[in-house]
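A.B. asks: Structure incoming, see below.
The values are calculated or read from the model by the stated rules, or taken from the named source; none is laboratory data. Since we're looking at a predicted model, the values are computed, not measured. Here the Cβ positions follow ideal geometry from the backbone for every residue, glycine too, while neighbour counts run over all protein chains shown.
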Amino acid sequence: MGENTGATLIRGARQLLTLRGPKAPRRGAELSELGLIRDGALLIRDGILVEVGPTRRVENLAAARDAEEINAAGRIVMPAFVDSHTHLFVPQAGDRSNRPEDAAAAIRTSSAWLLETRTRACLDAIVRHGAATVEVKTGCGPDVGAETKALRVLAGLDGAAADVVPTFLLRLPEDASEIEVARIVSEVAPRIYRRGRARFADLQWDNQAGHQDLYALYLQMALASGLPIKLHADAPGCAGAAVLALGHRATSVDHLEHITPEQTKLLANSRTVATLLPAASIYSGAPVAPARAMIESGAAVALASNCNPQHTPVFSMQAVIALACIQMGMTEAEAISGATINGAHAVGLADRIGSLEPGKDADLVLLNADDYRQAARTLGSNLVHLTIKRGRCVYREGQIERTPK
């Protein structure tokens, strides 16, 4: 399938997971409702889903008669994954420093072409594993030039195989004084907002008491500028981060490896999505977030990779789903919902992506598996046969060249 114009019929899916459901982020029992159709089919026109249902019904529609046909051949068909938390923007191969000032220096000395080439390579790896929308954070510290360059490169990725959601992540030097933080919040952040290239304003939380009021001001200014907000809450004692996120109507609060039962209850009574990152704990040694308790309390849980080519080199949302089942106690259905429709809510795009419903973008994957429970427990293998973005095939499984005898 080369172009996304005209009609395309995908038929014969062993399991078609539509993820149809309520418009709000899924929580509780809703996370287990995959909208499964056996022997399902999809009709796509001009990159948009037109019909979704049983193959016998959809293939007999008048609109399907001249459609290009893809036989799903007993495979799973489901929404493309939404990776709603990554740090793909790595300026320098082999640089394992996690200090924002080092990242800023590397960005300033790298060409835009090199930065774009490396980021595209990361995106391509993620697309090969079934994601079609990827949030990408900057995080260069209080350096307007580096942040602006990073966001400019991300904006230049139009035409990439996946849609990019650029996020300005405010990361401060560990020894930043209150005066310096105040200057950054009042001067640097607004200059980034005015350039209009970020879709979200994110904040790397710390527990320094003197920073709390300044962080609240940062979030207020972001909202006043029209930017929805996110929060990194990966440190022990993240109670303040959760309260701050909920008080400022954050779209998502991420990590939450150290969340307490009291904070979990607060989160359950909000519309803020809890984005959990099971792969991050493998590399950092931090405990895994208590996903089971969060789901049972009623929180809306999403899953993401935390992909950073230097620190968390995980490009597969399939692996993230498997880790959530193995480490966090999530069921296969809950993990799939977290990696699709709730991931779409975590980047503010659930009206367009995350489920297979008429009127939404035709972002979907075909998996080489005949049962979603098998697919969600497969760790270390790539099951993707096709990744389709707005009706266009952006990745097709390759063949193995066999050595002749």
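A.B. asks: Looking at Ala103, Ala125, Ala132, Ala146, can you tell me which residue is crowded, with 19+ Cβ neighbours inside 10 Å, of a type in the set (A, V, I, L, M, F, W, C), under 26 Å from the mean Cα position of the chain (by Cα) and closer than 18 Å to Met317 by Cα?
C.D. replies: Ala132
A.B. asks: What single numbered condition from (1) charged (D, E, K, R); (2) surrounded by fewer than 21 Cβ atoms within 10 Å (Cβ to Cβ); (3) in contact with a Lys or Arg (Cβ under 7 Å, 6 or more places away or on another chain) fails to hold for Arg75?
C.D. replies: (2)
Here's the yes/no breakdown for (1) among the charged types (D, E, K, R); (2) outside the structural domain of Phe200 (by TED's automatic domain parsing); (3) farther than 27 Å from Ala250 by Cα:
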site	(1), (2), (3)
Glu59	yes, yes, yes
His85	no, no, no
Glu116	yes, no, yes
Leu123	no, no, no
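A.B. asks: Tell me which residues, restricted to segment 243-284, are within 19 Å of Phe315 (Cα to Cα) and without any contact (Cβ under 8 Å) to a residue 60 or more places away in the chain.
C.D. replies: His255, Pro278, Ala279, Ala280, Ser281, Ile282, Tyr283, Ser284 - these are the residues of segment 243-284 that are within 19 Å of Phe315 (Cα to Cα) and without any contact (Cβ under 8 Å) to a residue 60 or more places away in the chain.
A.B. asks: Continuing with this model, one more query. Within segment 87-108, does at least one residue satisfy the condition of being within 27 Å of Arg392 (Cβ to Cβ), modelled with pLDDT of 95 or more and not basic (Lys, Arg)?
C.D. replies: no
A.B. asks: Does segment 313-334 contain at least one residue that is farther than 19 Å from Ala162 by Cβ and either in contact with a His (Cβ under 8 Å, 6 or more places away or on another chain) or outside the structural domain of Val136 (by TED's automatic domain parsing) (or both)?
C.D. replies: No, every residue in segment 313-334 fails to be farther than 19 Å from Ala162 by Cβ and either in contact with a His (Cβ under 8 Å, 6 or more places away or on another chain) or outside the structural domain of Val136 (by TED's automatic domain parsing) (or both).
A.B. asks: Further question: Which condition does Phe168 not pass, out of (1) more than 18 Å from the chain's Cα centre (by Cα); (2) surrounded by 17 or more Cβ atoms within 10 Å (Cβ to Cβ); (3) of a type in the set (Phe, Trp, Tyr), if it passes all the others?
C.D. replies: (1)
A quick yes/no check of all residues on (1) in contact (Cβ under 8 Å) with a residue 12 or more places away in the chain; (2) surrounded by 24 or more Cβ atoms within 10 Å (Cβ to Cβ):
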| residue | (1), (2) |
| --- | --- |
| Met330 | yes, yes |
| Ala339 | yes, yes |
| His345 | yes, yes |
| Ile353 | yes, yes |
| Leu364 | yes, yes |
| Gly380 | yes, no |
| Arg390 | yes, no |
| Val394 | yes, no |
| Glu401 | no, no |
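A.B. asks: Suppose the filter is touching a Ser or Thr at 6+ places or on another chain (Cβ under 6 Å), buried (at least 23 other Cβ atoms within 10 Å of the Cβ) and over 25 Å from Val320 (Cα atoms); does Ala41 pass it?
C.D. replies: When the stated conditions are applied, Ala41 passes them.
A.B. asks: Assuming Leu386 fulfils every condition listed in (1) touching a helix residue (DSSP H, G or I) at 6+ places or on another chain (Cβ under 8 Å); (2) of a type in the set (A, V, I, L, M, F, W, C); (3) surrounded by 16 or more Cβ atoms within 10 Å (Cβ to Cβ) apart from one, which condition is it?
C.D. replies: Evaluating Leu386 over (1) touching a helix residue (DSSP H, G or I) at 6+ places or on another chain (Cβ under 8 Å); (2) of a type in the set (A, V, I, L, M, F, W, C); (3) surrounded by 16 or more Cβ atoms within 10 Å (Cβ to Cβ) leaves (1) as the failure.
A.B. asks: Another one. List the helices (runs of 4 or more DSSP H) that sit entirely inside segment 330-398 and contain at least 2 residues that are closer than 19 Å to Met294 by Cβ and at pLDDT 95 or above.
C.D. replies: 332-339, 341-346
A.B. asks: Would you be able to say whether some residue in segment 175-192 is under 18 Å from Gly145 (Cα atoms), modelled with pLDDT of 75 or more and part of a loop (DSSP other than H, G, I, E, B)?
C.D. replies: No, every residue in segment 175-192 fails to be under 18 Å from Gly145 (Cα atoms), modelled with pLDDT of 75 or more and part of a loop (DSSP other than H, G, I, E, B).
A.B. asks: Out of curiosity, is Arg26 touching a His at 6+ places or on another chain (Cβ under 9 Å) and modelled with pLDDT of 95 or more?
C.D. replies: So Arg26 fits the description; yes.
A.B. asks: Quickly run through segment 373-387 and pick out the residues that are under 17 Å from Gly35 (Cα atoms) and in contact with a strand residue (DSSP E or B) (Cβ under 6 Å, 6 or more places away or on another chain).
C.D. replies: Across segment 373-387, the qualifying residue is only Ala375.
A.B. asks: Ok, one more. Give Val288, Val243, Val301 a once-over and let me know the one that is in contact with a helix residue (DSSP H, G or I) (Cβ under 8 Å, 6 or more places away or on another chain), at pLDDT 95 or above and over 20 Å from Thr138 (Cα atoms).
C.D. replies: Going through Val288, Val243, Val301 in turn, just one is in contact with a helix residue (DSSP H, G or I) (Cβ under 8 Å, 6 or more places away or on another chain), at pLDDT 95 or above and over 20 Å from Thr138 (Cα atoms): Val301.
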